[in-house]
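The values are calculated or read from the model by the stated rules, or taken from the named source; none is laboratory data. Given the structure is predicted, the values throughout are model-derived calculations rather than measurements. Cβ placement follows ideal geometry from the backbone for every residue including glycine, while neighbour counts extend to all protein chains displayed.
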């Protein structure tokens with residue numbers, strides 16, 4: 001009898017303990033759930049109160065000598081290290097969000113803003129799936145395959161700094177842009193590249209270089225002016241756009257020689273040239289590149305017997 005009583009008592013205690021344990025677990029679970037819900041509520045409230053989720057402030061940009069006005073969102077501009085640095089350091093007054101860029105060209109800067117908002121600028125880079133090649137938007141006619149580098153056109157009727165059009169290969173839309181600072185037309189992609197370098201936009205530099213490689217029907221004068229502008233507005237460490245121009249001139253050296261434009265530009269170098277030291281650096285690098293090219297030709301033709309060129 002005593003043993004049965006002890007067994008029954010032990011069973012009741014175990015059952016009571018199980019109930020208490022279950023109740024403790026239930027209370028603990030409810031407590032955890034309440035804490036989690038409170039934490040989520042506080043987190044949501046914190047995010048709602050966070051100013052970073054508020055609409056990005058508008059920044060006014062005064063561009064060029066004529067002080068043309070542009071407007072852009074602050075967070076969009078901050079994709080550029082240049083603008084992020086200016087905004088973080090200068091905008092102490094929330095009411096006066098204005099950046100002056102007197103040395104920039106409005107036509108070029110509009111392309112910079114378009115890229116910051118859309119990831120590209122007009123004319124856009126389009127992929128032709130049928131030919132598995134890249135083309136520029138609105139290039140005419142569509143059936144012509146884009147060139148791998150600007151096509152030289154030294155005919156007199158294609159002068160004046162505008163992109164010309166040969167019967168075989170058309171020029172893409174908006175190939176050149178007039179820069180009031182130098183009073184000349186240059187390739188728009190070169191101007192975009194140089195501006196992207198100033199604003200720290202490496203992806204835009206790659207895009208501009210790729211687009212320039214698809215241009216066609218460009219006259220010799222425009223290419224030389226664009227090359228000199230490139231040298232005057234990029235650091236000596238630049239190894240992409242500068243090399244692109246050197247390779248283009250060497251590859252089309254017969255055309256440049258016939259045009260007479262090269263000689264005229266070299267004679268102006270260092271005198272009344274608007275590009276300053278950029279012209280001298282261009283022609284010196286071109287001389288070195290030509291010498292290296294000549295050495296490569298000699299070595300490839302006959303490494304043992306020297307030849308007179």
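Do we find a residue being modelled with pLDDT of 95 or more and either surrounded by fewer than 18 Cβ atoms within 10 Å (Cβ to Cβ) or in contact with a strand residue (DSSP E or B) (Cβ under 8 Å, 6 or more places away or on another chain) (or both) anywhere in the range 168-176? No: the range 168-176 contains no residue that is modelled with pLDDT of 95 or more and either surrounded by fewer than 18 Cβ atoms within 10 Å (Cβ to Cβ) or in contact with a strand residue (DSSP E or B) (Cβ under 8 Å, 6 or more places away or on another chain) (or both). Just so you know, in the range 186-235 the residues that are more than 25 Å from residue 119 (Cα to Cα) and in a strand (DSSP E or B) include one that is farthest from the chain's Cα centre (by Cα), and it is 219.
Close contacts from the range 261-284, counting a first residue that is in the same structural domain as residue 243 (by TED's automatic domain parsing) and a second that is modelled with pLDDT of 75 or more and part of a loop (DSSP other than H, G, I, E, B), with Cβ to Cβ under 9 Å and a gap of 6+ residues or different chains, come to 274/181; 274/182; 274/183; 275/182; 275/233; 278/233; 278/234; 281/236. Residue 126 meets the conditions (1) assigned by TED's automatic domain parsing to the domain that holds residue 189; (2) part of a strand (DSSP E or B); (3) over 17 Å from the mean Cα position of the chain (by Cα) in every case but one. The failed one is (3).
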